[in-house]
Amino acid sequence: MFLPFGPFVCVGSLDKSAAVFHILTGEIKFALAAHASAITALAVSDDGILLTASSDADLRVWDLRM
């Protein structure tokens, strides 16, 4: 999922984490790990708030504003 600010993309993973990558350099800007199971969904608001959902039945809210 592309972020609304800058050249960044956010991905969720089976390894229980989410990451924000800089599209042009491939650099990891943020590594977010707090779930007990694989991330099953994510959403980003226009102002840079990330919501991740997991099969552990938890929702996490992350503030990605830089």
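The values are calculated or read from the model by the stated rules, or taken from the named source; none is laboratory data. Small disclaimer: the values here were computed from a predicted structure and weren't measured. With ideal geometry, Cβ positions are generated from the backbone for all residues, glycine too; neighbour counts draw on all protein chains shown. Surface areas here come from the heavy atoms of the whole protein model, side chains and all, with no ligands, DNA or RNA. Shrake-Rupley method; radii C 1.70, N 1.55, O 1.52, S 1.80 Å.
Counting heavy atoms of the protein chains only and a 1.4 Å probe, report the per residue accessible area for the chain as a whole number of Å². Please report the intermediate quantities before stating the final value.
Details: 3940 Å² over 66 residues.
Result: 60 Å² per residue.
Could you go through the stretch 35-47 in sequence order and give the Karplus-derived ³J(HN,Hα) for each residue, using 6.51 cos²θ - 1.76 cosθ + 1.60 with θ = phi - 60°, rounded to whole Hz, and x for Gly and Pro?
8, 8, 9, 4, 6, 10, 7, 8, 8, 10, 7, 5, 9
For residue 17 and residue 57 in the same chain, what is the full-extension length gain: residue separation times 0.36 nm, less their Cα-Cα distance, in nm?
That pair, residue 17 and residue 57, stretches by 12.9 nm at full extension.
Ignoring ligands, DNA and RNA, please state the percent of accessible area on the chain from carbon and sulfur, probe 1.4 Å.
Values: 2340 of 3940 Å².
With neighbouring chains kept in place, the figure for the chain is 59 percent.
Below 8 Å, C-alpha to C-alpha, sequence gap of six or more: please give me the relative contact order for the chain in percent. Numbers along the way, then the final one.
Values: 142 pairs, mean separation 16.7, N = 66.
Reported as a whole number, the value is 25 percent.
What's the local net charge at residue 29, with K and R +1, D and E -1, over the other residues with C-beta under 15 Å away?
Values: positive: 65; negative: 27, 63.
Neighbourhood net charge equals -1.
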